[in-house]
Amino acid sequence: MKSKLEKIHKEALKALKDAKDSDTLEKLERQFLGRKAELARIAKDIKNIAKEQRPVIGKLINDVKRDISAIIQEKKQGKEFLAKGRPPSGWDYTLPAIAPNVGHLHPITQFLETIEDIFIKMGYEVVEGPELESQKYNFDLLNVPEDHPSRDIQDTFYVDKKDARNNSYVLRTHTSPVQIRAMKTRKPPVRLIAPGRVYRNERTDAGHETNFYQCEGLVIDRNIRITDLIGTLELFIKRLYGDNVNIRVRPHFYPFTEPSIDIDMSCLLCAGEGCPFCKRSGWIETLGAGMVHPNVLKNMKVDPKEYSGFAFGLGIDRFMMLYYQVNDIRLSYSGDLRFIEQF
Ligand code: DAH
């Protein structure tokens, strides 16, 4: 991989050296930095290489890109010079160069990595699933009844693509379908988390967006009890925010778990006093959880008489907002550098 990147780098430098006019420069820019360029393809494939190698290769890709881009920019600024073969009048070569902007991971991504680290240390594996999901996985196999409001077209985004039973695909409304997908290739005992982007047809406000992130969790083994679930989540929340944070457990209903609970934590933005973020209640709803419903275990080809399990779904955005003290979820997706550059 390394030698491949070096080869691309060398090729680019050579081609750029001979570039004499702006058409050629633009062509080379597309060839080396465009969406279909080999560099872009390698960057996309990075998830397939060994985890320890990723930062090294990732950095190399960025270095190569940055260098090629800097040369192209430099040449573009001297465009007239290239065209006419002499410096334009008033061209001052002693002016300092424009420093390149260096990017970094989005706060949501940084935060997801923090969460993954906590669960990996507890022995969990990290798995992923598709964002465009069939209704079978998003609803049916999770025991969500046909008339459940979350299936409503007003609540969710359906797309034209249809599955074998002529049902429209849906932009997944939660990460829960990854539980079922993961169990296609696994047998208990399992401990996994599945982070990713999900979609809802929400009216946006400080606490709601039409796309956001969740992290699913699933544990299946013999003798798993609800106390294991509450203990795990309390430990997770305390590792994230410190021992002073309070949690409260409320009964709730989810079709895929029985019994089901919601876990709230004290609002860190107002220390439980009440603010717009926590709707003045002092508590933030952070996750839903419960004991995996026997029907769902059966859909995973797991015998509910032999095994039990718990599952949970965390709202990543809310956790991130509390962690970094952000008071409006929309900032995350606004693309506003004044926000992004603070992390
Ligand atoms: N899927 C639920 C949602 O999006 C969250 C959730 C609740 C996930 C309970 C779970 C669970 O795994 O057990 O609202």
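Are there GluC sites (Glu not before Pro) in segment 225-308 that DSSP puts in a loop and that have at most 11 other Cβ atoms within 10 Å, and which ones?
Numbers: sites: Glu234, Glu273, Glu285, Glu306; in loops: Glu273, Glu306.
Answer in residue order: Glu273, Glu306.
Running a GNM on the chain with Cα contacts under 10 Å, which residue among Ala194, Ala311, Ala37 ends up with the highest mean-square fluctuation?
Ala37
Might you tell me the accessible area per residue for the chain, computed with a 1.4 Å probe and given in Å²?
I get 57 Å² per residue for the chain.
Run the accessible area of the chain with a 1.4 Å probe and give the carbon-and-sulfur part as a rounded percent. Write out the running numbers ahead of the final one.
On the way: 9790 of 19670 Å².
Its accessible area is 50 percent carbon and sulfur atoms.
Could you give the length gained by full extension between Asp67 and Ala43, i.e. 0.36 nm per residue of separation minus their alpha carbon distance, to one decimal place? Each step should come with its number before you reach the end.
On the way: separation 24, 0.36 × 24 = 8.64 nm, distance 1.59 nm.
Stretched fully, the Asp67-Ala43 segment lengthens by 7.1 nm.
How high is the relative contact order of segment 2-84? Use alpha-carbon pairs under 8 Å, at least six apart in sequence, and give a whole percent.
Details: 50 pairs, mean separation 33.7, N = 83.
Answer for segment 2-84 is 41 percent.
Sort largest first and round to whole Å: the equivalent ellipsoid semi-axes of the chain, each the square root of five times a Cα gyration tensor eigenvalue. Don't skip to the end; give the middle numbers.
Working: eigenvalues 431, 119, 79 Å².
Semi-axes (√(5λ), whole Å): 46, 24, 20.
Evaluate 2.2 N^0.38 Å with N set to the residue count of segment 124-237, then give the Cα radius of gyration divided by it.
Working: Rg = 15.4 Å, N = 114, 2.2 N^0.38 = 13.3 Å.
Rounded to two decimals, the normalised Rg is 1.16.
Which residue fluctuates the most in the chain, going by a Gaussian network model with Cα springs under 10 Å, if the choices are Ile237, Ile98, Ile118?
In this elastic network of the chain, the residue with the biggest mean-square fluctuation among Ile237, Ile98, Ile118 is Ile98.
Averaged across orientations, what area in nm² does the convex hull of the alpha carbons in segment 91-153 project?
Numbers: hull surface 41.2 nm².
One quarter of the hull surface, i.e. the mean projection, equals 10.3 nm².
Using Cα springs under 10 Å in a Gaussian network model of the chain, which residue among Pro96, Pro276, Pro195 shows the largest mean-square fluctuation?
Fluctuation is largest for Pro96.
Using DSSP to call loops (not H, G, I, E or B), can you name the trypsin sites (Lys or Arg not before Pro) in segment 277-308 whose Cβ has at most 12 other Cβ atoms within 10 angstrom?
Details: sites: Lys279, Arg280, Lys298, Lys301, Lys305; in loops: Lys279, Arg280, Lys301, Lys305.
Hits after loop and neighbour filter: Arg280, Lys301, Lys305.
In the chain, which cysteines lack any other cysteine Cβ under 4.7 Å from their own?
Cys215
Going by amide H atoms built from the backbone, whose H comes under 5 Å of the H on Asn201, apart from near neighbours?
Distant-sequence amide H within range of Asn201: Thr156, Phe157.
By what distance, in whole Å, do the Cα atoms of segment 188-302 stretch along each of the three principal axes, largest value first?
Rounded to whole Å, the extents work out to 45, 35, 22 Å.
Relative contact order for segment 107-340 using alpha-carbon pairs under 8 Å, separation at least 6, rounded to a whole percent?
Values: 443 pairs, mean separation 48.1, N = 234.
Relative contact order here is 21 percent.
If R₀ is 25 angstrom, what is the calculated FRET efficiency for the pair Leu13 and Gln77, using the beta carbon separation as r and rounding to 0.05?
Numbers: r = 18 Å, r/R0 = 0.72.
The formula returns an efficiency of 0.90 here.
Would you work out the Kirkwood radius for segment 2-84? I mean one over the mean of 1/r across all pairs of different Cα atoms, in Å.
Details: mean 1/r = 0.0742 Å⁻¹.
Answer for segment 2-84: a Kirkwood hydrodynamic radius of 13.5 Å.
Once the Cβ-Cβ distance between Ile120 and Lys184 is put in as r, and R0 is 25 Å, what FRET efficiency do you end up with, to the nearest 0.05? If you can, show how the numbers build up before the last one.
Numbers: r = 22 Å, r/R0 = 0.89.
Approximately 0.65, to the nearest 0.05.
Looking at segment 117-181, which GluC sites (Glu not before Pro) are in a loop (DSSP not H, G, I, E or B) and have at most 15 other Cβ atoms within 10 Å? List each step's numbers first, then the result.
Details: sites: Glu125, Glu128, Glu131, Glu133, Glu146; in loops: Glu128, Glu131, Glu146.
Here the sparse-neighbourhood loop sites are Glu128, Glu131, Glu146.
The values are calculated or read from the model by the stated rules, or taken from the named source; none is laboratory data. Because the structure is predicted, anything quoted here is derived from the model rather than measured. Positions of Cβ are backbone-derived with ideal geometry, glycine not excepted, and every protein chain shown enters the neighbour counts. We work out accessible area using only protein heavy atoms, side chains counted, and drop any ligands, DNA or RNA first. Shrake-Rupley method; radii C 1.70, N 1.55, O 1.52, S 1.80 Å.
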